Amino acid sequence: MGCPTREKSAMHTVARIRKLGFRRWYERTLIEAYAHLVTCLLGTILAFAGIEMVVTRTGPAHGLLGVGVGALGIALSLFGVSHFARIFSLAQRLGARATCPSCGTYAIFTVVAGGPEEEQPPDDAPETDGVWLKVKCRKCDNTWTI
């Protein structure tokens, strides 16, 4: 039995690709991934600011505030880097397979089927990492699995 959150995320990805088209989905997904990376970097700065507050504390309240700021920074960094890695790897994996093997056209296809890996992707599917797409090239009508 698969994870409901992961299945929901996979179906959301398939729906967004159908709605926006692959190129726009890919562009927006990369922007979202890099926004998470910026969150990670800002969290790191916040963590170092918290450490600085603890080291140079002028009283117990200031030290306690530094610990809180540092913990918040660490949490933001972990959140940002985990989401960046997950989103970026999905976009890169799908983007690497978006070229039609027959005519070589990039990202000009219609999604025929798709879903989470728990829904048994077609036999010709590459290693799925949560999402698979059965697509049909709009130029030559070739069908392949991403």
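Tabulated values for the structure
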| item | result |
| --- | --- |
| Proximal charge balance of Ile108 [Cβ under 12 Å; K/R count +1, D/E count -1] | +3 |
| Environment charge of Tyr34, counting only residues whose C-beta is closer than 12 Å and scoring Lys/Arg +1, Asp/Glu -1 | -1 |
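Each reported figure results from applying straightforward, stated rules to the coordinates on display, with no laboratory input. The structure presented is a predicted model; accordingly, all values stated were derived computationally and were not measured. Because the Cβ atoms are built from the backbone with ideal geometry, glycine has one as well, and the counts that use them run over all protein chains shown.
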